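Reviewing the structure listed below.
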Amino acid sequence: MSEQELIDAIKRQDPHAYRSLIDQYQPLVLNTCYSFVQSEDDAKDLTQEVFIEVIRSIKKFRGESKISTWLYRMAVNRSLNHIKKYKRRSLFGEVEEINKGDFTASDSFNADKSIEDQERSKVLFDAINSLKKNQRIAFTLHKVEGVSYAEIAEIMNITTYSVESLIYRAKSNLQKKLLSYYQKNMQ
Amino acid sequence: MNCKEIHNKLNAYLESSLDDDQLRDFNMHLDACDTCKKVVSEMELTMQILDRPVKLEADPFMHTRIIAELENESETVKWKFKQVLQPVLLGMIILVGVYLGIGLGNRFYDEDVFSNQQDSEVNLIDLEIDTYANITSDIETFLLSEE
């Protein structure tokens, strides 16, 4: 089934098309959400929300970009909103247990990973999350998800040159943040 | 190289873009400085996490969950629609009832009977006045005749 046929079938509310869409694009959406939120359960919930939104708003999809670009965009937006909501909630101390279990990379990395590795992952993703929004999106999509510069440009609606620049600045800022963290903690 | 230079060159070191001389100086400093060695090692290990990102397995129940959620949503919409529709319908039925009641009332309301009744009431009053006048004149006649 071509992409256009798939979209047309979803517009006709064909349940087989729903299954095809989910089977084909679940890894993309799930791993994109996961690369931002670093929690398997949250990534699954967000993936579900993204697909429901896609099915609901498929009539608005004009086919000017690839469906994967649209899905990336939705997954990124949902994930960033989720992080923002999470930060706001933890600011008011409502989800203390999440701090302990959910977000500290406990379920986000393999159980056999060493505690040091889990700590490093937390430090790394905290540093990534403290980057500016555009740098964070470009860096995460490229470095963690392996999305090409051209597709990131399309997802973010900017030029490829801007993507390159964003990723360069993100990398540089990330290393500065990590260096400052380790300098403090090594002394 | 001193510690500050090491920190400045760290990005280039992690990107493997130091030339041979710089790399030799860099490594020499690390051999002599434990703190820088630890920092550089931690930085390397941390950045390496990005080279092996964790990929999640697709959830086999995702499709079922989404379909269930969509069905649940349409049920909720129907229920909400019912919730709104029911009072509106009830209101409309009451309005129609009141309207029909007024209509039916007007239909059976006999204007002629009323006007006849009115006329007869007027006639009766006239009659009463006439009778009163007659009685008055009779009394007058009686009184005058006595005289």
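Tell me which chymotrypsin sites (Phe, Trp or Tyr not before Pro) from region B:1-72 have a DSSP coil assignment and no more than 15 other beta carbons within 10 Å of their own.
On the way: sites: B:TYR13, B:PHE26, B:PHE61; in loops: B:PHE61.
When the chymotrypsin sites (Phe, Trp or Tyr not before Pro) of region B:1-72 are filtered for loop state and at most 15 Cβ neighbours within 10 Å, B:PHE61 remain.
Mind giving me the FRET efficiency for A:LYS184 and A:SER65? R0 is 56 Å, r the Cβ-Cβ distance, nearest 0.05 is fine.
Details: r = 43 Å, r/R0 = 0.78.
For R0 = 56 Å, the calculated efficiency reads 0.80.
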Chain lengthening between B:LEU95 and B:PHE81 when straightened (0.36 nm per residue, less Cα-Cα)
2.9 nm
Suppose each label sits 7 Å from its Cα in the direction of the beta carbon; what would the B:GLU57-A:HIS16 distance come out to in nanometres?
2.8
Compute the distance in nm between two label points, each set 7 Å from the Cα along the Cα-to-Cβ direction, one at B:THR131 and one at B:SER41.
13.1
Estimated distance in nm for a label pair at B:ALA32 and B:SER17, the labels positioned 7 Å out from Cα along Cα-to-Cβ:
2.7
Need the C-alpha centroid separation for region A:110-185 versus region B:20-85, integer Å.
10
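Full extension from B:SER74 to B:PHE142: what is 0.36 nm times the residue separation minus their Cα-Cα distance, to one decimal in nm?
Details: separation 68, 0.36 × 68 = 24.48 nm, distance 9.81 nm.
Working it through step by step, the gained length comes to 14.7 nm.
Suppose we look only past 24 Å in the calculated P(r) of the protein assembly as shown. What percent of the Cα-Cα pairs does that tail hold?
On the way: 39091 of 55611 pairs.
Here the long-distance tail beyond 24 Å is 70 percent of all Cα pairs in the protein assembly as shown.
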Would you work out the charge dipole size for chain B about its Cα centre, treating the Cβ of every Lys and Arg as +1 and the Cβ of every Asp and Glu as -1, and quote it to the nearest 20 debye?
2140
Just the isolated ones, please: cysteines in chain B lacking another cysteine beta carbon under 4.7 angstrom.
B:CYS3
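Computed from the coordinates by the stated procedures, all read-outs in this text should not be read as laboratory data. Model, not experiment: these values are computed from the prediction. Neighbour counts are summed over all protein chains in view; Cβ atoms, including those assigned to glycine, are modelled from backbone coordinates with ideal geometry.
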